[in-house]
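Rule-based calculations on the coordinates, nothing more; no lab input. The structure presented is a predicted model; accordingly, all values stated were derived computationally and were not measured. Positions of Cβ are backbone-derived with ideal geometry, glycine not excepted, and every protein chain shown enters the neighbour counts.
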Amino acid sequence: MNNKAGSLNINETFSADIFNSNLLFERFNKTRSFTEFLCKPLVTEDYIIQSMPDVSPTKWHLAHTSWFFETFILKPGLKNYKPLNPIYAYLFNSYYVLAGERFTRAKRGLLSRPTVAEVYEYRKYIDENISNFIEKANEDELKKYATIIEIGINHEQQHQELMLTDIKHVFSINPLYPVYSSKEIPPIENVPQTNWIEFTEGIYDIGYNGNGFSYDNETPQHKEFINSFKLSSRLVTNREYLAFMEAKGYETPELWLSDGWATVENEKWNSPMYWTKMDGEWWNYKLSGFHKVDLNEPVCHVSLYEADAFARWAGARLPTEGEWESAASEINQYSIKTNVWRCLGMDKKFILTVSGL
């Protein structure tokens with residue numbers, strides 16, 4: 001598709017399933033419903049807070065994901081479509097330069113209007129129009145816009161992750177430390193021994209080459225020569241990272257990249273984000289509230305600088321992008337994804353069961 005105003009530059013190699021209107025309709029509805037399910041623990045005041053420039057209010061996420069479908073599907077594809085409010089195109093664009101002017105990102109939390117209720121009305125309006133479009137689209141229209149709807153679905157799933165990380169930051173700066181979900185997560189009882197998995201040097205395929213969804217920056221697949229390397233068989237734990245902290249890792253400039261050490265000094269870093277020391281013990285704020293740091297959990301919320309310094313202290317280094325991609329194709333991804341939910345303080349199985357996904 002041509003990269004012009006109101007259009008997207010996309011990779012058009014998609015699974016034939018997305019051209020099945022029934023399956024596309026089902027995926028669209030499930031994704032949109034799950035976004036709203038994630039908001040169920042919130043009260044109205046929670047939706048509008050912007051705790052720092054990199055955090056967007058939940059209300060904005062709800063509207064922006066709707067704006068995407070309106071801008072790239074309904075406006076160009078649905079005859080006689082009328083926006084619910086033309087100003088929304090300005091308020092809820094993010095960084096899509098070719099789609100028009102944008103409201104300042106750092107000031108999104110200053111907008112009391114539209115209200116949360118009005119944003120939900122906007123979502124309903126977009127859902128009804130997209131459903132109507134999918135239902136009535138002819139073969140040519142479906143072929144033209146199904147790929148963009150699929151991108152919109154994946155785009156909204158990205159914002160579901162962002163909503164949770166943003167809500168966590170919003171709650172974390174509140175001295176009341178609100179609890180998003182009180183679901184108890186059992187501690188990790190055993191951590192397997194670290195083994196170093198060897199990968200031989202050679203030419204590896206990097207990038208995507210299939211019929212499923214992918215973004216254009218994942219293609220084209222290309223060859224890359226990678227020297228032999230070793231990768232740890234498991235993630236670094238809180239226990240191991242705490243040992244780095246107790247060895248004065250945050251006070252040893254030789255371990256840090258220059259920009260990293262400057263950040264440590266300027267930001268007064270001495271632990272991972274969301275860690276707090278109380279009565280001589282380290283506590284970790286999660287979406288499920290404050291908990292004593294589980295020493296067996298994977299360490300989370302560390303920056304590239306911190307990860308790099310830890311690796312250097314441990315006598316290792318971080319893998320390159322090519323090394324990680326070549327290794328990841330042989331690693332069980334499910335355990336890593338589950339650990340991400342643990343870091344948020346959530347129970348993935350509970351969420352997916354309740355939401356019907």
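Below are the figures for this structure:
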read-out: Reachable aspartates and glutamates, given that their alpha-carbon falls under 18 Å from the alpha-carbon of Lys79 and they are not under 8 places away in the same chain; value: Glu70, Asp127, Glu128, Glu135, Glu139, Asp140, Glu141
read-out: Anchor Lys59: lysines whose Cα lies under 17 Å away (excluding residues fewer than 8 positions away in-chain); value: Lys40, Lys107, Lys124, Lys168
read-out: Long-range amide H partners of Val302 with built H, under 5 Å; value: none
read-out: Total lysine pairs whose alpha carbons fall under 20 Å of each other in the stretch 196-347 (8 or more apart, or interchain); value: 6
read-out: Karplus 3J(HN,Hα) series, Hz, for the stretch 64-72 with 6.51 cos²θ - 1.76 cosθ + 1.60 (x for Gly, Pro); value: 4, 5, 6, 4, 4, 5, 5, 6, 9
read-out: Per-peptide average of other Cβ atoms within 10 Å, ordering 78-88, 154-164 highest first; value: 154-164, 78-88
read-out: Karplus (6.51, -1.76, 1.60) ³J(HN,Hα), θ = phi - 60°, over the stretch 194-204, in Hz, Gly and Pro reported as x; value: 6, 10, 9, 7, 8, 10, 7, 5, x, 9, 10
read-out: Helix-derived mean residue ellipticity, 222 nm - over the chain, DSSP H n ≥ 4, -39500 (n - 2.57), to 500; value: -13000 deg cm²/dmol
read-out: Stretchable slack from Glu45 to Asn217, in nm (0.36 nm times residue separation minus alpha-carbon distance); value: 58.2 nm
read-out: The stretch 16-172 - Rg and Dmax from Cα coordinates, angstrom; value: 15.5, 49
read-out: Amide proton proximity set for Val236, modelled H, under 5 Å, gap of 5+; value: Val299
read-out: Residue-by-residue Karplus 3J(HN,Hα) for the stretch 311-319, coefficients 6.51, -1.76, 1.60, Hz, glycine and proline x; value: 4, 5, 4, 7, x, 9, 8, 7, x
read-out: Long-range amide H partners of Phe290 with built H, under 5 Å; value: none
